[in-house]
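Contents: one structure, followed by commentary.
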Amino acid sequence: MSFVVSSLTDYVDQSSTDLLLPAVSQGKTATIVNLQAGVKSSAALQLFDSTVVFQDDSCAFAGSAATTFSQRDIVVEGVKVQEVLCPKDLEAKWTQLLLSAGSDYNEADIPAAYMDIKMQRLQDALEIADWQGEDAGAGGANLDKYDGFLHIIDTAAASVDGNVDAVTVATGITSANALNIVQGIYSVVPEAVLNSDDLICFMGWDAYRALIINITDTNFFHYVTDDSARTGELMLPGTNLKVVAVSGLTGTNRIITSRASNMYIGMDAMSDSDGIKMWESLDDQNVKSSINFKRGTQVAYPAEIVEFTLVP
């Protein structure tokens, strides 16, 4: 005879209390563009420009140039993320191992991994909202609280059209045309900003992957893309244009090229989204968490931006 165990469920060791965090993308855009703190509701970007007008040289003095002050407002909206946690829900599962002895629980019983993943997910959501948000409410969940860069740029209607070959939606951005698309974008970057040290071409990871494959397939043997695939950054071969992949543009088929110093993310305080408040609520014996912050975006000079959008 032998042991008959076919009716038993396979054993799974669930005694480990180490919570494994899933891989999440980080908010990359906010580490590149300007962060404007101290904005409670709105704040003006103070813009300044001056013209030069040549005149015939003579003893007479005649002022003909102009120096102009103008403004563009960063408008921020208040946002919060709140959750109610009931530690007693953990008692019936292996998660009871996370709880302290007794039946009176508090915020100390919530694992640190909860706070870590909450903040990581927040940064991921902010990265997408910073690009795709629309305060009018058309954006849907997490995208209807404040205006992102795409809405700001589209509303200004002053950017340079980067779709020089009129690539259609039916064709899309592919591993066969991505390099040509970015080269076309580079060809129309305004000369005034062409040599800027912080000139960046932002695109989604989907378009970026297509670009890497396209560069590789084009037999740029002298141009190694291995590290670029890991970092999400590369220099367009033969140019000073830095291409950066950001999760906020993935799935949009949009490509935005600008000086990083031309783009702003407004907030009330630099630490607004860096912390999470947790407390024990004695009236209902729950643990509550709350994150509160203000957020908004703006570009200083829309006419300096080259935006790529597929033709319908």
* Å³ per residue of the Cα convex hull, for the range 169-215? -> 87 Å³
* Find, among the GluC sites (Glu not before Pro) in the range 65-117, those assigned to loop by DSSP (not H, G, I, E, B) with at most 15 other beta-carbon atoms within 10 angstrom. => 91
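Which of the three applies to the range 60-118, rounded, prolate or oblate, going by the alpha-carbon gyration tensor with a ≥ b ≥ c and a/c under 1.5 meaning rounded?
Values: a/c = 7.25, a/b = 5.66, b/c = 1.28.
Taking the square roots of the gyration eigenvalues as a ≥ b ≥ c, the range 60-118 is prolate.
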* Quick one: if the Förster radius is 51 Å, what FRET efficiency do residue 66 and residue 284 give, using the C-beta to C-beta distance and rounding to 0.05? -> 0.20
* Asked: Along the charge dipole of the chain, Cβ charges K/R +1 and D/E -1, which of 193, 223, 32 sits furthest on the positive end?
  -> 223
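Relative contact order, percent, of the chain when contacts are C-alpha pairs under 8 Å separated by at least 6 residues?
On the way: 551 pairs, mean separation 88.8, N = 312.
Relative contact order of the chain: 28 percent.
Helix-derived [θ] at 222 nm for the chain: sum -39500 (n - 2.57) over DSSP H runs of at least 4, divide by residue count, nearest 500?
Numbers: 5 runs with 58 residues, N = 312.
Value at 222 nm, helices only: -5500 deg cm²/dmol.
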* Structure fact -> With the 1.4 Å probe rolled over protein heavy atoms, the chain has an accessible area per residue in Å² of 56 Å²
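Suppose the chain between residue 174 and residue 93 were pulled fully straight at 0.36 nm per residue; how much longer would it get relative to their current alpha carbon spacing?
Working: separation 81, 0.36 × 81 = 29.16 nm, distance 4.76 nm.
Separation in residues times 0.36 nm, less the Cα-Cα distance, equals 24.4 nm.
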* Structure fact -> Rounded to the nearest whole number, the per residue volume of the convex hull around the C-alpha atoms of the range 85-194 in Å³ is 217 Å³
* Based on the alpha-carbon gyration tensor of the chain and its eigenvalue square roots a ≥ b ≥ c, which shape applies: rounded if a/c is under 1.5, prolate if not and a/b is larger than b/c, or oblate? -> oblate
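Which percent of the accessible area of the chain is formed by carbon and sulfur heavy atoms (probe 1.4 angstrom)?
Within the chain, the accessible surface is 53 percent carbon and sulfur.
What area, in nm² and to one decimal, does the C-alpha convex hull of the range 208-312 cast on average over all directions? Show your work: numbers first, answer last.
Details: hull surface 46.6 nm².
Average projection, Cα convex hull of the range 208-312: 11.7 nm².
What do the square roots of 5 times the Cα gyration tensor eigenvalues come to for the range 151-190, in whole Å, largest first, as semi-axes of the equivalent ellipsoid? Present the calculation step by step, with values, prior to reporting the outcome.
Values: eigenvalues 84, 36, 11 Å².
Whole-Å semi-axes of the equivalent ellipsoid: 20, 13, 8.
The values are calculated or read from the model by the stated rules, or taken from the named source; none is laboratory data. Since we're looking at a predicted model, the values are computed, not measured. Glycine also receives a Cβ, built like all others from the backbone with ideal geometry; neighbour counts cover every protein chain displayed. Side chains are part of the model used for accessible areas, which takes the heavy atoms of the whole protein and leaves out ligands, DNA and RNA. Shrake-Rupley method; radii C 1.70, N 1.55, O 1.52, S 1.80 Å.
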